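This report refers to the structure that appears directly beneath it.
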Amino acid sequence: MTTPALQARGLVKRYGQVTAIDGADFDLDAGEVLAVVGDNGAGKSSLIKALSGALIPDEGTVLLDGVETHFHSPLDARHAGIETVHQTLALAPAMDIATNLFLGREVRRTGPLGSVFRLLDRNAMRSQAQDQLDALGIETVQHIGQLVETLSGGQRQAVAVARAAMFGSKIVIMDEPTAALGVKESGQVLDLIRRIRDRGLPVVLISHDMPQVFEIADRIHVHRLGRRTAVVRPADASMSQVVSLMTGALRPGDPDAPPNLVDS
Amino acid sequence: MIVFSATTSTFLTVDNLSLVVQQSLVVATLALGQTLIVLTGGIDLANAAIMVLGTMVLARLVINGSNSVVALIAGFLVCAALGAISGGLVTMLNLPPFIVTLGMLTVILAAGRLYSEGNSYPVTDNLLGILGQGGYLFGQIKVTHGMTLAVVMFAVTWYALTRTAWGRHVYALGNDPEAARLTGIRVGRTRFSVYLVAGVIYAFAAWQALGRIPNADPNAFQTGNLDSITAVVIGGTSLFGGRGSVMGTVVGALIVAVLRSGLTQAGIDSLYQDVATGVLVIAAVAFDQVVRRRSR
Ligand SMILES: Nc1ncnc2c1ncn2[C@@H]1O[C@H](COP(=O)(O)OP(=O)(O)OP(=O)(O)O)[C@@H](O)[C@H]1O
Ligand SMILES: [Mg+2]
């Protein structure tokens, strides 16, 4: 078996009295789409924050390609090729779409204009941003110079997804990327996820939308009370079984539970 | 402006306008540093105090026989260090800028008075006073070196804010610091750099102040911090951070200067001028609030 692209063992994160991550394990195989499902407050967002450098776990280890890794900031994870669409989207509302797409990795002009005078290559960034939106089939956005705060919720989500798809070079993580999207736009995001996978990158998708999860996921990671309870294949399980695992109505060892791919 | 030119016959003369601009330079320079800090969502109540201490350092060193270049360097270092202290407290201890700079204001004012030993210090040095001297005539308008310097400083800051990644990061962290952090921006470092740069800008303000009035007085520019905030807010920069421009601040600083000198020439007591600027800043903030609320 090949080494998983991203793994975590025994992650713990406490916020005062609340334990957001309570000894969670995680495995993302190369080239797969892994759905992460769980009730509200189960700790899904906290888990992927720990995997993307946005929070530093109190305990536990993260392994990238089997090598123990410590991300001290989102920048570290980004440098490692991990791109994340956070649930909060992480966009600057008063800035335009192109600026947001390149936030934190602006492109400078070549030559002394860029190296000495730090001059940004705004045209290059704009045209790349436009190409990216076109390539993703995001037609609802009319102008790349539009301020993010003037976009609809779904359009904002599309911008955040476009950014991750554009720069992800190793792993793409999406935390409820379709929550505010219409049927057609959700379908586009699913297409996009498939295209990212076809590029050979594994994708982590957090979603509450069971039909969507069953449509796209290779495996489903079920999260409950801050940790992983089970990992199942969509082919082996029904939606109601997965929901029962999420809520605790069904336990992984139960006779009528679907086959669990990991020990828990 | 129209009201002032109607009530005072000298207001719209070229000489007088040149004077208004000269008078606005100190507040405009303070407001430039203030703009950077307000864009990050902060506020600097200590800027005028830092500047006044800067003038004291410059004047006393020269009076004690220092070379004026050495004095200038020392003045810049002191102002930059004070900006860095504010920035360090805000970024490393995560304290609210309002409280930090209020504390800095109190400490620096007291330090300035102690350092002054109860005196003010006239400056006769050429280099320290040079910004008040005439550079050349632009048409009929007397352009001082101070004006030229201010134009250069605003242009450079405009460039840094709108044409470099640093500027984008300043706006982004003023928009939403957590979003900025998640996109990989080094939020703490950027915020700190803003306070440091502002400190350097206040040193230029100190130099401008000595060009305008060649006398370092620990009690000068008592309302400089509020005037600079007024200029920033009137110029359209949001006190919530992330929105605004230095070009707006130019306009704001000119409006404050025109208001002050217009009211002076109309023979209105400076206390009433404070009333007028106070009303203006509240009106500008209220306007900002209304606009923001509508856009949410
Ligand atoms: N910064 C924080 N401070 C305090 N508690 C937090 C913080 N972040 C998360 N929590 C808590 O940790 C728990 C897990 O939150 P998390 O956002 O990871 O859940 P989630 O599974 O993503 O939920 P949802 O489906 O609603 O997005 C919750 O109880 C939440 O209140
Ligand atoms: Mg969540």
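Below are the figures for this structure:
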| read-out | value |
| --- | --- |
| Residue match in segment A:48-64 (condition: away from chain B (no Cβ under 14 Å), farther than 26 Å from A:L245 by Cβ, more than 16 Å from ligand 1 (Cβ to nearest atom) and not polar (S, T, N, Q)) | yes |
| Of all residues making up segment B:244-257, the number that are within 14 Å of another protein chain (Cβ to nearest Cβ) and buried (at least 24 other Cβ atoms within 10 Å of the Cβ) | 1 |
| Subset of segment B:63-91 [of a type outside the set (S, T, N, Q) and at pLDDT below 95] | B:I63, B:G65 |
| Elements of type strands (runs of 3 or more DSSP E) contained in segment A:198-264, each with 3 or more residues being modelled with pLDDT under 95 | none |
| Some residue of segment B:123-145 being hydroxyl-bearing (S, T, Y) and within 14 Å of chain A (Cβ to nearest Cβ) | no |
| Options A:H70, A:H79: the member that is within 11 Å of another protein chain (Cβ to nearest Cβ), out of contact with any helix residue (DSSP H, G or I) (no Cβ under 7 Å at 6 or more places or on another chain), away from ligand 2 (no atom under 16 Å from the Cβ) and not hydroxyl-bearing (S, T, Y) | A:H79 |
| Residues located in segment A:86-103, provided they are within 16 Å of ligand 1 (Cβ to nearest atom) and among the small types (G, A, S) | A:A90 |
| Considering residues of segment A:35-59 that are more than 10 Å from ligand 2 (Cβ to nearest atom) and surrounded by 23 or more Cβ atoms within 10 Å (Cβ to Cβ) only, the residue nearest to A:R197 (Cα to Cα) | A:A35 |
| Index of the failed condition, A:T2 passing every other in (1) more than 27 Å from A:R194 (Cβ to Cβ); (2) more than 15 Å from ligand 1 (Cβ to nearest atom) | (1) |
| Pair list, Cβ < 6 Å and 6+ apart or interchain, from segment A:26-46 residues that are within 14 Å of chain B (Cβ to nearest Cβ) to residues that are within 9 Å of ligand 2 (Cβ to nearest atom) and not in a strand (DSSP E or B) | A:S45/A:Q87 |
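The values are calculated or read from the model by the stated rules, or taken from the named source; none is laboratory data. All figures in this text were calculated on a predicted structure; none of them were measured in a lab. Heads up, the Cβs are rebuilt from the backbone with ideal geometry, glycines too, and the neighbour counts pull from every protein chain shown.
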